[in-house]
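S.K.: Let me begin by handing over the structure; questions about it come next.
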Amino acid sequence: MSVTVYSTPTCPWCTRVKDYLNYKEIKFNEINVAENREGAMEMIRKSGQRGVPVVDIDGNIVIGFNQTEIDRLLSIKHWCN
């Protein structure tokens, strides 16, 4: 499973997403779009959004901290493994 979180250091919802994934023991790659222009452009290309957080779970994009959608995507991936 590949999980990427596009975030900024000052975003409280980004912190909540990362804390939640850590709580669920899900490994993820974090891209700080405030410092990484290529990462920011990748996020915009994938999601059409400029706001954070954006979570990419195996190519499925979740905008914001949508716990229900994150859980749905993570459980689907866990069942497939």
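The values are calculated or read from the model by the stated rules, or taken from the named source; none is laboratory data. Being a predicted model, the structure only gives us computed values, none of them experimental. Cβ atoms come from the backbone with ideal geometry, glycine included; neighbour counts cover every protein chain shown. Ligands, DNA and RNA are excluded from the accessible area calculation, which covers all protein heavy atoms including side chains. Shrake-Rupley method; radii C 1.70, N 1.55, O 1.52, S 1.80 Å.
S.K.: Could you check the simple spin-label distance between Arg50 and Tyr23, using points 7 Å along Cα→Cβ, in nm with one decimal?
M.R.: In this crude spin-label approximation the distance works out to 3.2 nm.
S.K.: Follow-up question, since we're still on this one. Hey, how many Å between the Cα centroid of segment 41-63 and the Cα centroid of segment 3-39?
M.R.: Using only Cα atoms to place each centre, the spacing works out to 11 Å.
S.K.: Suppose all protein chains stay in the model; what accessible area per residue would a 1.4 Å probe give for the chain, in Å²?
M.R.: 64
S.K.: For the chain, which whole percent of the accessible surface, found with a 1.4 angstrom probe, sits on carbon and sulfur atoms?
M.R.: 47
S.K.: Hey, if we sort Glu25, Glu30 by accessible area with the 1.4 Å probe, largest down, what's the order?
M.R.: Descending accessible area places them as Glu25, Glu30.
S.K.: Using a Förster distance of 25 Å, how high is the FRET efficiency between Asn66 and Arg37, based on the Cβ-Cβ distance and rounded to 0.05?
M.R.: So the FRET efficiency works out to roughly 0.45.
S.K.: Using only Cα atoms and rounding to the nearest 10 degrees, what angle (0 to 90) does helix 37-47 make with the longest principal axis of the chain?
M.R.: Taking Cα atoms only, the helix is inclined about 50 degrees.
S.K.: With no solvent and one equal point scatterer per Cα, compute the Debye intensity ratio I(q)/I(0) for the chain at 0.23 Å⁻¹ and report its log10, rounded to two decimals.
M.R.: With one equal scatterer per Cα and no solvent, log10 I(q)/I(0) is -1.08.
S.K.: Then there's this: For the chain, which span is the longest to avoid every loop-located (per DSSP) member of trypsin sites (Lys or Arg not before Pro) having at most 14 other Cβ atoms inside 10 Å?
M.R.: 51-81
S.K.: For segment 1-44, rounded, prolate or oblate, judged on the Cα gyration tensor with a ≥ b ≥ c (square roots of eigenvalues), a/c < 1.5 rounded, else prolate if a/b > b/c?
M.R.: oblate
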